[in-house]
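Take a look at the structure set out below.
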Amino acid sequence: MDVDNLGQLFRQGLNPDPEDREDNRATISRVITLSETMRLFFEGYVPRLCREFNQGNRSINRQTDILELIYAGGDDLCLVGGWSALPLIARQIRDAFSDWVNGGQLTLSAGIAIEHSKFPLYQLAARAGSALDEAKEGRAEKDAISFLQQSVAWDKFDRVEEWQERLVSAVEARRPLPRGFITRLSEIARLHQRDPQRGKWAWQLVYHLSQAEQRNRDQQPLIRELRENLIAVDGNPPELITWLATIARWATLLIRAGERDEETR
């Protein structure tokens, strides 16, 4: 993770007024104050957030999610840990940073890479750096997270997580939604990513959801709501289809992880 557009901030200041050159000066005192603020957050507060996160996971015996802070200083950080913990702590850090700087004039972006636990750490760090670049790429405001090979603006990430949680809950319910339902969603999402303008993915999505609704009566309200959020109305594609690939893959990985946990008990 690192702060977005910090170099520009050092040069121009917060909310620069072109009519007031005196107010725009990057004075030594202002630069020192900003640098010290960044240092206190990354070197002081980020380690505290990670310790608190780890303590919470130890209390519920989730050792695989324990975080290891590799570096935090200046305006960036690098940490490793269980893949499912990383988007959660990234959002906590981002929200804490927003509170720290008192508003949205300074933002923080994140990039997450997922590999096997024996994968070389230096290569993993490089891939996380590439993911961070992807989070910022093509976005003037940046303020995003790249997770599961897709960039999502932070202000949309809660919605992505909400749908992931709802799909996982449906598959784990007493009268569950079949896992194949999410697998098929993932396949359709990939079709959309390859060619969002053509309609092949759209009619496959309509057919898949209508069949699932007929076969899974206990999950009909969820499926209907999902259809309303994924299928175009008046030719305007809903926003959620953009993140369906991340939602489906995130849900699938969590379901598999939960099954492995059950097998080891």
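The values are calculated or read from the model by the stated rules, or taken from the named source; none is laboratory data. The shown structure was predicted, so the numbers you read here are calculated from the model rather than taken from an experiment. As a convention, Cβ positions derive from the backbone with ideal geometry for all residues, glycine included, and neighbour counts pool all protein chains shown.
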Limited to region 141-169, what total is found for residues that are touching a helix residue (DSSP H, G or I) at 6+ places or on another chain (Cβ under 6 Å), on the phi > 0 side of the Ramachandran plot and not acidic (Asp, Glu)? 2
Pick from region 133-152, criterion of a type outside the set (D, E, K, R) and loosely packed, with under 15 Cβ neighbours inside 10 Å, ranking: modelled with the lowest pLDDT: Ala140
Go through the residues of region 73-96 one by one and say whether even a single one is among the small types (Gly, Ala, Ser), under 14 Å from the mean Cα position of the chain (by Cα) and in a loop (DSSP other than H, G, I, E, B). yes
Just one of the numbered conditions (1) in contact with a Gly (Cβ under 8 Å, 6 or more places away or on another chain); (2) in contact (Cβ under 8 Å) with a residue 60 or more places away in the chain is not true of Ile66; which one? (2)
Quick check on Phe157: is it surrounded by 15 or more Cβ atoms within 10 Å (Cβ to Cβ) and under 10 Å from the mean Cα position of the chain (by Cα)? yes
Determine whether Arg127 is over 13 Å from the mean Cα position of the chain (by Cα) and touching a residue at least 12 places away in the same chain (Cβ under 8 Å). yes
